[in-house]
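Notes for the one structure printed next.
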Amino acid sequence: MVGDAEERIPVTLPTVSAVSSGKGEISSVEAPACGVRRCSPRYAGKERPTYGQRKVETAAKKKARLDFGKQVSEAPLVPLQSNEMMGLNIGDGVEGEALLGGAHGGVVNGEGVDGDLQAGSGKSAHARVKETLRAFNGHYLHFVQEEEQRVKQVEAKLSKVPKSSNSKLKKRKGKKEEVGVSELKEPKRGGGCEEDIKRASKRPDLKAISKMIETGAILYPEKRIGHLPGIDVGHQFYSRAEMVVLGLHSHWLNGIDYMGNSYAKLEQYKGYKFPLAVCIVLSGMYEDDLDNSENVIYTGQGGHDLLGNKHQIRDQKMERGNLALKVNKYWAEKGIRGFTVFKYQLKRLEAQPTLMTGQVLFTRAQAPTSISELRGLVCEDISGGQEKFPIPATNVVDDPPVAPTGFIYDRSLRVAESLKILANAVGCKCKGDCIDPRTCACARLNGSDFPYVHKDGGRLVEAKAVVFECGPTCGCSINCVNRTSQQGLKYRLEVFRTPKKGWGVRSWDTIPSGAPICEYTGILMKTDEVENASENNYIFDIDCLQTMKGLDGRERRPGDVSFLINFDDKMSEVPEYCINAGPSGNVARFINHSCQPNLFVQCVLSSHHDIKIAKVMLFAADTIPPLQELTYDYGYGLDSVVGPDGKIIKMPCYCGAVDCRKRLY
Ligand SMILES: C[S@@+](CC[C@H](N)C(=O)[O-])C[C@H]1O[C@@H](n2cnc3c(N)ncnc32)[C@H](O)[C@@H]1O
């Protein structure tokens, strides 16, 4: 994890991560393990809320929100030493050995234990967790965009400052974005830009937390004892901010979250002893920590310096969170630096789901490090050197193991001979990187802004009806942020054999939300020219219009594209073109469907502006931990596939999602 001035924690996902337990549990997330209508894309992120949307809230919820907001806003602005992605949701109050886990344990308040469907909402708790995290990531990316724009403006002003007084900035060149403008101390002078420069830049993740609080979007704003529905043992968090917006842990800095003495007055907590810890975060921040997944020796809170070097500089005190952590076995001892630290022994409860690892890791260490050591390796690189990274294929399912065959890898889209595509889009006149959305013609097509932020090499701020990228007639370079989808793979991918769905794809790296995964390549052709029904498994209808119009149950995406299409033209609802990845295609042809996917489909236009033959890109809808299968929603309508005999063909879905529709089509 990051201990730098980075505002978001590219948390190194550990092999085990957040653990939620009521009367507790720890579980690992199992890595989730090809029709005849087409793999027609539907926006995986259709539940993505509109930016800034506000929910209706009750008075009680409002109070909880304000209390919660107070805690967060009172926290000092110190960079997260963000090794914390392991949240143990605990608190039994009743004596017991510690509380590492406890499968789907009890919940106080008489609330359903793990009843996944939330009364009234019609959505499962898991779906709501996803939705909340997506809302947070959406706000986060908007604030990153805002901050990047502010930095650019300040830089532009600074570039007008005489050289002698600008030397500090120069020294940090290249690091400017990372440190944030607030760290760039402008020398004293009487220029009009001083105020802008000095204005503290609040971290986008903190702004996003505040936004979630303001809009009443924290999933569990009230502290509760026990399991939080929808957060399973083994859930991986990318940052502590994610824990905060879910309400799993209400402090974004303290390790121990607890209910204070005031809860003792409430009837439903009769028999509990307060203060009572409800969640602890293992952050790897204490030099005295010794953690593995079966046994955690948790160091109490306080007394270490906040500089990220883990040093204990004072004795810890038996107060607040330390007092609230009630476990059978705890003791005080002198830590490595001679200061008193409290130790709490936490153990996994019996009968909890198996974890994927025995170690609690705070590094990016989960992914394999070398292809040759991969278990079940059947092909070192299915791309044959065409991609930036080799894409190995593994098979531990078949005996003997077989490799994917029957296709030619092609990283670029081919166009059927019968089609002619004219690269006729008028490009922008920018040089180098497109910077100013007011002067870049392509940015103007996107609603006067760039659809991507620079962060992490380019992330799409939000799913759009269509993204207009710079193309062959633009003056900018290939590295321009508005060509993010043209820059090849950014993450190390693996094709792996699943038990029931054929091949699937996963990443070795953590993929942040909004990051580009890959294009869907194959042969671009007219849908009525597809002859071979067996190829249907790999056919992707280009139906961006469906999404644009909000048809077929899809949420209409923001963005005015009325100049591209005639919304009254009903005929155009039927996709005219498709991409056939049967004979040739790239890694996208192996990506399976899920009813609760982690990718979404985005139509992109660059060399031409014909939406019917838009480029099809897949982007991350969520922060995706290493080795989690990559999936998108194929968007089949049930009973939409009819065989040559006229009978409806039914295909079971094995995505394994809690909200699985049980049928692919
Ligand atoms: C584009 S291919 C995906 C890669 C494919 N699994 C393979 O082995 O090449 C689409 C096909 O994968 C299978 N598939 C994808 N997602 C599935 C799911 N959730 N459940 C069952 N089968 C699935 C279906 O056979 C579908 O027609």
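Readers should treat all values here as calculations from the given coordinates under stated rules, not as data from a laboratory. Everything numeric in this text was worked out from a predicted model, so none of it was measured. Backbone-built Cβ (ideal geometry, glycine too); neighbour counts: all protein chains shown.
Key figures
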quantity	calculated
Cut-off 11 Å between beta-carbons: net charge of the residues surrounding SER606, Lys and Arg +1, Asp and Glu -1	+1
Shape of region 580-645, Cα gyration tensor, a/c cut at 1.5	oblate
Spin-label zone in region 592-610 - amide nitrogen under 17 Å from a point set 7 Å from the Cα of THR473 along the C-beta vector	605-610
Unit charges at the beta carbon, dipole of region 365-664: most positive-side option, LEU664, PHE600, GLY635	PHE600
Pairwise centroid distance, computed over Cα atoms, of region 199-235 with region 364-408, Å	38 Å
Sequence ranges 492-501, 473-482, 228-237, ranked by mean other-Cβ count within 10 angstrom, highest first	228-237, 492-501, 473-482
Whole-Hz couplings from phi, Karplus 6.51/-1.76/1.60, listed for region 319-335; x for Gly and Pro	8, 6, x, 5, 6, 7, 7, 9, 9, 5, 10, 8, 7, 9, 8, 7, x
Whole-Å distance, taken between Cα centres, linking region 460-538 and region 616-665	17 Å
Contact order relative to length of region 365-664, as percent, for alpha carbon pairs under 8 angstrom and 6 or more apart	21 percent
Amide H partners (placed H, <5 Å) of HIS304, local residues excluded	ILE313
Peptides ranked, highest mean first, by Cβ atoms within 10 Å: ranges 144-154, 401-411	144-154, 401-411
DSSP bridge pairs, region 365-664: antiparallel proportion in percent, nearest 5	70 percent
About the Cα centre, charge dipole magnitude for region 365-664 (Lys/Arg +1, Asp/Glu -1 at Cβ), debye	480 debye
Long-range amide H partners of VAL378 with built H, under 5 Å	ALA393, THR394, ASN395
Ranked by how many other beta carbons lie within 10 Å on average, peptides 609-617, 627-635 from highest	627-635, 609-617
Net length gained if the chain between VAL426 and CYS660 were fully extended (0.36 nm per residue, minus Cα distance)	79.9 nm
Placed amide H near GLY635: partners under 5 Å, 5+ positions off or other chain	ARG42
Mean projection area, nm², convex hull over Cα of region 365-664	16.5 nm²
